[in-house]
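A.B. asks: The structure that follows is given in the form of structure tokens.
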Amino acid sequence: MERYQRHLSDTEVCQVCKGGVESILHVLRDCPAIADLWSCIVPIRKRREFFSTSLLPWLYDNLGNDVDMGGYGWSTVFAMAAWWAWKWRC
Ligand SMILES: [Zn+2]
């Protein structure tokens with residue numbers, strides 16, 4: 001989306017799923033290519049909120065949440081998954 005707005009690309013559509021605007025939130029959370037991963041690691045009771053918040057609250061809420069996830073804090077699991085999602089797409 002940013003590349004398109006800066007005339008560095010001729011489309012803002014995600015080239016992986018062709019199903020949405022390739023915003024930061026789409027790349028990190030909403031693209032079907034990464035949403036399946038989140039669905040595997042986000043507890044069912046948290047999914048509705050997880051997939052409905054906007055970018056900054058989503059980042060701050062998850063990075064500030066240290067619920068234990070089997071020996072790791074959620075913020076660590078979240079940060080690693082988001083980092084790999086970003087790295088994979090860039
Ligand atoms: Zn996509």
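The values are calculated or read from the model by the stated rules, or taken from the named source; none is laboratory data. Since we're looking at a predicted model, the values are computed, not measured. Don't worry about glycine lacking a Cβ; one is built from the backbone with ideal geometry, like all the others, and counts go over all protein chains shown. Note: areas computed on protein heavy atoms with side chains; ligands, DNA, RNA excluded. Shrake-Rupley method; radii C 1.70, N 1.55, O 1.52, S 1.80 Å.
A.B. asks: How much length is gained if the chain between CYS17 and ARG47 is pulled fully straight, taking 0.36 nm per residue apart and subtracting their Cα-Cα distance, in nm to one decimal?
C.D. replies: 8.7 nm
A.B. asks: Further, regarding this structure: Please calculate how many Å² of accessible area the chain carries per residue, with a 1.4 Å probe and no DNA, RNA or ligand atoms counted.
C.D. replies: On a per-residue basis, the chain sits at 69 Å².
A.B. asks: For GLN5 and TRP88, FRET efficiency with R0 = 25 Å and r from the beta-carbon atoms, rounded to 0.05?
C.D. replies: Calculated transfer efficiency: 0.65.
A.B. asks: How many nm separate the modelled label positions at ASP66 and ALA35, each set 7 Å beyond the Cα in the direction of the Cβ?
C.D. replies: Using points 7 Å along Cα→Cβ, the separation is 3.3 nm.
A.B. asks: Under the √(5λ) rule applied to the eigenvalues of the Cα gyration tensor, what semi-axes describe the equivalent ellipsoid of the chain? Give them in Å, descending.
C.D. replies: 26, 12, 12
A.B. asks: Quick one: what Rg and Dmax do you get for the range 42-83 from the alpha carbons, in Å?
C.D. replies: Final numbers for Rg and Dmax: 9.9, 28 Å.
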